[in-house]
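Asks: Right, I'll just put the structure down here and ask away after.
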Amino acid sequence: MKKSYLILTSIFFIFIFTIFYLSLGKNKTYNTEDIVGNKIDEIDLELFNDSGLFNTKEITNYNYIALNFWASWCAPCRKEHNVLMQLSKIKNLKIIGVNFKDNHNNANSFLEEMGNPFYISTKDTDGKKSINFGVYGIPETMIISKDMVILKKYIGPLDLKDFKEIERIVKK
Amino acid sequence: MKKVIFIFLLIFLSTKINAKENLKNNILKNLRCLVCQGQTISDSNSDFAQIIKSVVDDKLQEGLKEKEIYHFLSEKYGSWILLNPPIKTNSYLLWFLPYILFILGGLFIYLMVKKRVIEKK
Amino acid sequence: MLSNIGIIFSSSALLSSLILIYFSIVELKISGDKISQKIYKFSLFKLIFSLSSFLTLIAGYVYSDFSINNVYENSHTSKPLFYKISGTWGNHEGSLLLWINILVLFSFLFLVLDKNKNKNFKLLTLIFQNLLISIFFIFLLSNSNPFAPVFPVPSEGNGLNPILQDPALAIHPPLLYIGFVGSSIYFSVALASLICKIDSRSLATTLKPWVSVSWFFQTLGILVGSIWAYYELGWGGFWFWDPVENSSLMPWLLMTALLHSVLVLERKMGLYSWVIVLSIMTFTMSVVGTFLVRSGILNSVHTFASDPNRGLFILSFLLVMVFSSIFIFFRYAPSENKNYKIFSKEFFILLNNWFMIFFLAVVLIGTLYPVFLDTLTGAQISVGPPYYNFILAPFLIPLLFLMTSGPKHRWISSDFKKIFDIILFLSIISFVIIFFFIKESNLLTNLILLFSIYLIIQTIFDFYGNLKNKNINLSRIISHFGFGLLIFFISINSILSLESNFNAKIGEKKNLGNYVINFKKLETAQIDNYKSVIGHFEILNKKKSTIENLKPEIRLYNKPETITYEASINSNLFSDTYLTMSNISDTNIFNIKFQKKPFMNFIWLSVILISLGGVLKFFKIKRQI
């Protein structure tokens, strides 16, 4: 009797400790695994320079879309801009930029200085539209397929590793 | 006995639900601010929280129900954003284990003291 | 310089602790009933060394000796002296040193004060204590050294997080650690009494003063933490079910259970093993809390800078601690006397334990479930206040009822009739009030209110009854009275609180029911180590035509660069007005949060009453001895 209690208690604590141990090395911040595989909503976005709207339904016209959220006030956006320029050269992929809560003039001079990688440029002045895409922090990039399914989502600036990964996804 | 019934009737009658007034605040309190380490949207001053606040406002204006707003946000951000985890397969234990333990504890005490209790003078 | 002194002092303390373990083990085998002088001597040495190392660190902070890395990272010359001192324990390393010092102090006090005649029992307790002390010192010196030097010596420090520059937060950690660490005494006592087969009566007398003292400090520590959160974090709440708060609550629940079950232990063999288990669990929970807070496996507002290595160390320590306790318990636990009888009073105390353990389980499950789920399946969920409120609140009703009837040892007390009429009267009044003045209420809150009133009235009756008999259990009455008041005021507060979130520009007025909020002007100020944007608000109460002026601030601290939002609180006896503002970036619009929080002061007061019971109990025990 006593022995079985001992074994049960020990197993219980070994289980707890194993979990604690495993969870030590894990990254505890928000990740995007839940979102991958969802379809994005049909949303109207304002065009960046002209009056007029871009509806996300039009994504179905292209093979692959990279939806990039950026702003001129965000320092990491500057860092990833080169990668975006590289991405814009990939044939199968079109980049749609969403200028997030930004001053129009600042944003324009940012693009003049750094180059414009966007096939279509849109803006979200008050940041509310971006909630529909699950935007969490700028910059953010989503790779979206022809049928509007999110294939991959990057939070934070893109780097060369991400570039290679995107290249691989798009080649299929 | 009549008094007991009367009291409970009173309590029951005094239960009022005024939904509109506090609905927005309640919703904001049930949402986690993703960028600020365990604060609720209602408590947070961050940019992200401000946007979510006005989006919730808009959705309420559009006539969405509380549940629909939660659904909308959890679709975009995952269930991480909900502080009140919905009951699904991965949260059965979370919701029911406490009650199971409570019953087991009661049972244990009952078995332990059965026949042992004596009234003290 | 100070860096080396500090390391020497703490190493000496570690060394004396190791020597003490050796001496104690040797002395276990020697017959006789006196503990030898050299044990007292080395305990005193250890205490002096350990306190000196702590004072050295404080000196480092006071004189801003930036050759110590810890001081460099957490202090700044421009900081006021008070916060320089409190900054000592405002970080992981320093607070660990404080923790150890309390541990050392407590084991010294135990050696000097405990009157137990059994020599080997005392020696064993000291051995366990010194093992804990040594392990923590090794942890301190190897992984979290507060005296680690930095070279070249920087000329200026990084400064303390402004959120932590606060009087409440200066005393919060010491209070809490006295509670946490106090529980180490009953951990060691429990293990030692198992091995020495101490009888239940003397175990109870040994435990009682330590339990009531640590419970008292833990209660106050939690209170001070809540008050701090209330006015500093700017959310207008005082309890957020945050993992860090939970880890201070979990030992508290166990202490409360222990406080009650020790009463039974005094007279009966029945609960011997249970009290031992509770004692072991309480300290284990304190360490688990430390692990959760400092390893970074949880997301929380109050996190210490975390480091997986640190987590690994605490986890290994926990592992050794838990498994040696399990081993000792199963090896030495006495077979229970099957023929004991339980008085009905003791039965009610068991019910208290039932609820405390249940509350503990809920808090523990809520805190750990996301971690477990994430580790096992990768799914991320959040468990927040709605979960705890939903599960715990209904159980307050039977708890309040038990607290009322338990001390009378009867389900229904004799002056039930009298009280019943009062309740009837009160519920009619509250019904009228709720019906006409309150916009929202629900059945559950109403019931909780009613039962808390029942408890309050019953304890008042008890008080008078006992006063007549001259047999007064003041500590119980005050604590239960305080708990009744606490629940009562929290419920009232939650029903009557007003809250409104809106955006406004300077010069705008906003109508909110009874109140008009006027955003008059904005002012900027440059103060020592921060820039401040101060909003001037005028709040008009239309009914009473009174005006309150509130000035919430947005502060931009420079060292380290941080933005904080300072709430402006106008605290009156019955109600607080609470205002926070935050800027919406790139606009001239501000987000304003206006709250009316009734009875906040009464909530704090109730907790003070609860803790007062612990003090009274302590002095009562002292008198008995």
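Asks: Please work out which one of (1) more than 7 Å from every other protein chain (Cβ to nearest Cβ); (2) over 21 Å from the mean Cα position of the chain (by Cα) is the condition B:SER54 fails and give its number.
Replies: Single failed check for B:SER54: (1).
Asks: What's the total number of residues in the range C:348-360 that are surrounded by 21 or more Cβ atoms within 10 Å (Cβ to Cβ) and within 17 Å of C:GLY289 (Cβ to Cβ)?
Replies: Result for the range C:348-360: 3.
Asks: Okay, next question. Of the residues C:GLU245, C:GLU232, which single one is within 11 Å of the chain's Cα centre (by Cα), within 14 Å of chain B (Cβ to nearest Cβ) and of a type outside the set (A, V, I, L, M)?
Replies: C:GLU245
For every residue, the table says whether it meets (1) at pLDDT below 80; (2) more than 30 Å from C:THR88 (Cβ to Cβ); (3) assigned to a loop (DSSP other than H, G, I, E, B); (4) within 14 Å of chain B (Cβ to nearest Cβ).
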site: C:PHE304; (1), (2), (3), (4): yes, no, yes, yes
site: C:ARG310; (1), (2), (3), (4): no, no, no, no
site: C:ILE314; (1), (2), (3), (4): no, no, no, no
site: C:ASN339; (1), (2), (3), (4): yes, yes, yes, yes
site: C:PHE358; (1), (2), (3), (4): no, yes, no, yes
site: C:GLY366; (1), (2), (3), (4): no, yes, no, yes
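Asks: Next up: Would you confirm whether or not the range A:145-164 contains a residue that is closer than 16 Å to A:CYS77 by Cα, away from every other protein chain (no Cβ under 14 Å), modelled with pLDDT under 90 and surrounded by fewer than 15 Cβ atoms within 10 Å (Cβ to Cβ)?
Replies: yes
Asks: Next question. Among the residues of the range B:60-96 satisfying the criterion of being over 24 Å from A:VAL36 (Cβ atoms) and among the basic types (Lys, Arg), which is nearest to the other protein chains (Cβ to nearest Cβ)?
Replies: B:LYS67
Asks: Need a quick list: helices (runs of 4 or more DSSP H) entirely within the range C:56-123 having at least 3 residues that are farther than 30 Å from C:GLU27 by Cβ and touching a Phe, Trp or Tyr at 6+ places or on another chain (Cβ under 8 Å).
Replies: C:69-74, C:92-113
Asks: Can you pull out the residues in the range C:519-551 that are in contact (Cβ under 8 Å) with a residue 60 or more places away in the chain and either in a strand (DSSP E or B) or closer than 23 Å to C:SER571 by Cβ (or both)?
Replies: Of everything in the range C:519-551, those that are in contact (Cβ under 8 Å) with a residue 60 or more places away in the chain and either in a strand (DSSP E or B) or closer than 23 Å to C:SER571 by Cβ (or both) turn out to be C:PHE519, C:TYR530.
Asks: From the list C:LEU402, C:LEU396, C:LEU373, exactly one residue is under 30 Å from B:LEU94 (Cβ atoms), assigned to a helix (DSSP H, G or I), modelled with pLDDT of 90 or more and more than 7 Å from chain B (Cβ to nearest Cβ). Which is it?
Replies: C:LEU396
Asks: Let me ask something else about it. Do you know which residues across the range C:228-244 are under 22 Å from C:LEU392 (Cα atoms), in a helix (DSSP H, G or I) and touching a residue at least 40 places away in the same chain (Cβ under 8 Å)?
Replies: C:TYR230, C:PRO243, C:VAL244
Asks: With respect to the numbered conditions (1) buried (at least 21 other Cβ atoms within 10 Å of the Cβ); (2) aliphatic (A, V, I, L, M); (3) without any contact (Cβ under 8 Å) to a residue 12 or more places away in the chain, which one is the sole condition not fulfilled by A:ALA75?
Replies: (1)
Asks: Just for the range C:547-599: of the residues that are charged (D, E, K, R) and away from chain B (no Cβ under 14 Å), which one is nearest to C:PHE489 (Cα to Cα)?
Replies: Ranking the qualifying residues of the range C:547-599, first place goes to C:ASP576.
Asks: Okay, next question. Residues in the range B:9-18: is at least one more than 9 Å from every other protein chain (Cβ to nearest Cβ) and modelled with pLDDT under 80?
Replies: yes
Asks: Next question, about the same structure. Is the range A:3-18 home to any residue that is away from chain B (no Cβ under 14 Å), over 30 Å from C:ASP374 (Cα atoms) and outside any strand (DSSP E or B)?
Replies: Looking for residues that are away from chain B (no Cβ under 14 Å), over 30 Å from C:ASP374 (Cα atoms) and outside any strand (DSSP E or B), one finds at least one in the range A:3-18, hence yes.
Asks: Being touching a Leu at 6+ places or on another chain (Cβ under 6 Å), surrounded by 15 or more Cβ atoms within 10 Å (Cβ to Cβ) and more than 14 Å from chain B (Cβ to nearest Cβ) is the filter here, so list the residues in the range C:488-516 that pass it.
Replies: C:VAL516
Asks: Spot the failing condition for C:TYR565; the list is (1) within 29 Å of the chain's Cα centre (by Cα); (2) farther than 17 Å from C:GLU499 by Cβ, and only one is missed.
Replies: Only one criterion in (1) within 29 Å of the chain's Cα centre (by Cα); (2) farther than 17 Å from C:GLU499 by Cβ is unmet by C:TYR565, namely (2).
Asks: Next question. Are any of the residues in the range A:51-74 out of contact with any Gly (no Cβ under 9 Å at 6 or more places or on another chain), of a type in the set (S, T, N, Q) and part of a strand (DSSP E or B)?
Replies: Yes, the range A:51-74 contains a residue that is out of contact with any Gly (no Cβ under 9 Å at 6 or more places or on another chain), of a type in the set (S, T, N, Q) and part of a strand (DSSP E or B).
Asks: When B:SER44 is evaluated against the numbered criteria (1) assigned to a helix (DSSP H, G or I); (2) modelled with pLDDT of 75 or more; (3) more than 8 Å from every other protein chain (Cβ to nearest Cβ), which criterion, by number, is the only one it fails?
Replies: It fails just one condition, (1).
Asks: Under 6 Å between Cβ atoms, which residue pairs at least 6 apart in sequence (or on different chains) link something in the range C:271-287 that is in the same structural domain as C:MET321 (by TED's automatic domain parsing) with a partner that is not in a helix (DSSP H, G or I)?
Replies: Once the first residue is in the same structural domain as C:MET321 (by TED's automatic domain parsing) and sits in the range C:271-287, its partners that are not in a helix (DSSP H, G or I) give C:SER273/C:ALA333.
Asks: As an exercise: evaluate C:ILE506 against (1) within 24 Å of C:ILE391 (Cβ to Cβ); (2) of a type outside the set (D, E, K, R); (3) part of a loop (DSSP other than H, G, I, E, B) and give the number of the one condition it does not meet.
Replies: Of (1) within 24 Å of C:ILE391 (Cβ to Cβ); (2) of a type outside the set (D, E, K, R); (3) part of a loop (DSSP other than H, G, I, E, B), only one is false for C:ILE506: (1).
The values are calculated or read from the model by the stated rules, or taken from the named source; none is laboratory data. Given the structure is predicted, the values throughout are model-derived calculations rather than measurements. In this analysis, Cβ positions are derived from the backbone assuming ideal geometry, glycine residues included, and neighbour counts consider all displayed protein chains.
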